[in-house]
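Below is one structure, written out as C-alpha cells; comments come after it.
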Amino acid sequence: MIWTLVASVMLAPPSLDAPKGFVPGSAEDRVVTVGQETRSFRLFVPSGWSRPAPAIFVFHGEGGTPDTIQNYAKLDPMADDRGFVLIYPKGEGKNWNYDSGAPIVRNRGFASFTRRDGLDPEMDRRFDDVAMVRAIVRELAAEGLIDSSRVFATGISSGAMFCHRLAADASDVVAGVAPVSGAMTDVVAGRFDPPHPVSLMAIIGEDDPLMPVGGGPIAGLLPQDRGRVAPADETIAAYLAANGITGEPEVTTLPDRPEDDDTTTRVYSYPPGEGGTLVEIYRIEGAGHNWPGKPSNYHVEMVGKTSQDFDGSAAVLSFFDRCPPKQLPLEMPELGGGQ
C-alpha cells in the first residue's frame, strides 16, 4: 500500500480544536494495529494544542515502561510549554528491537541480568518496532493531531539504541533523533546510509560501563548477549556524512553544576547540513549510563555517575525545537524496517 502525502504532509486539515476524543493537557493510553499485532502507547497532548503539532517518540530502556520513562524524564511540562505531542510506546518484553542482527533480550526482572537460560521463544520473537512507529505516525497524522514533517525520537539505553535504528531505517519518518546513553550497534553502523537527512543530538557518558564509548559488547558484564556497539566517534562521523556536514564543530564547556559532581560536559555543535539538519553532541567526562539532570535509577557502581551540569530533558526539547522539518516525498511506502 502507498501512503500519499500532500503539501506539508498533514493528512487532515488544521483545526482550532483538538480532534474528537483528545483532551489537551492530558495523557491517555491507546493501541494501534501493526500487521497482526496490537501495540500500545501513551499519548500526551499539550494543553495549548491548536493545530497539527510536532511530535516526539520517547522510548524507555530495557526493563522500562511508558510509566517509568514518563516519570523519569519528566518531559510533559516542557512539551506542554513548547507545544509538542509526546508518544510513549510500550516495548514488547520491556525492550526494543534495536538491531535486526542482534540477540533478542526480553526483560524478566532480575533474572534478565543474572541468567542466560529460561528464555521463552514466544516472548523472544522479534517484533517490528519500526513498523509500529510508522503505524502510530500514520494514525495520528490522519487524525490531524501531529505534523508528520516534524516527528522526532528520543530515549535512553536500549530506547536510545532504537533511535539510531529509526534514523537508519525510517529516515523518511523521523526528522531528528536524540539518543541518551545509547549507542548505535555495529550492525546498524555497518549499513548506515539513510536516504533522507536526520538531525542528531547525542548525550554520551564517556565512562558509561554499559555502552562503551570506544565500542564493544553491550552491558558486557551481564550474562546475556545483547550485541555490540560501534565506537561513538564512528557513529558521529556516520551522521555527519549522511547529512553532508564537513565543517568543524564549535565546542562549548558547560559550567559545573554543582561544582563537586565530578563530571565535565562539552557540547560539540556542528555547522548545519543538508536541509539545515543539525548535529549536536554532548560528551560528558566522568558520567555513566544515565539521563543528565535526573537521579540515578541504580547504584553508581553499576551504571556510573549522573551529571548535573545540565537538564537533559530541557536540552532535548530545545534541540527538537530548532530542528528543520522533514522534506518528505509525496509517497511513502507503508512498510516496516524489517524485523
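Listing for the model above:
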| item | result |
| --- | --- |
| Translational diffusion coefficient (Stokes-Einstein; Kirkwood radius from C-alpha pairs) of region 212-327 at 37 °C, 0.692 mPa s, in µm²/s | 206 µm²/s |
| Counted charge near Val229, where neighbours are those whose Cβ lies closer than 11 Å (Asp, Glu -1; Lys, Arg +1) | -2 |
| Distance between modelled label sites at Val251 and Lys74, nm, 7 Å Cα→Cβ extension | 3.2 nm |
| Relative contact order (%) - region 170-244, alpha-carbon pairs under 8 angstrom, separation at least six | 33 percent |
| Counting all C-alpha pairs of region 115-259, share separated by more than 20 Å (%) | 55 percent |
| DSSP bridge orientation in region 137-238 - percent antiparallel, rounded to nearest 5 | 25 percent |
| Straight-distance crosslink candidates among lysines, where the alpha carbon sits under 24 Å from Lys74 and sequence neighbours closer than 8 are dropped | Lys90, Lys94, Lys294, Lys305 |
| Compactness of region 26-83 - radius of gyration and Dmax, Cα, Å | 12.7, 37 |
| Average Cα contact separation per residue, region 112-265, under 8 Å, 6 or more apart, as relative contact order % | 18 percent |
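The numbers here are math on the coordinates, done by the rules we state, and not lab data. Values in this document were obtained by computation on a predicted structure and should not be read as measured data. Note that each Cβ is placed from the backbone with ideal geometry, even for glycine, and that neighbours are counted across all protein chains shown.
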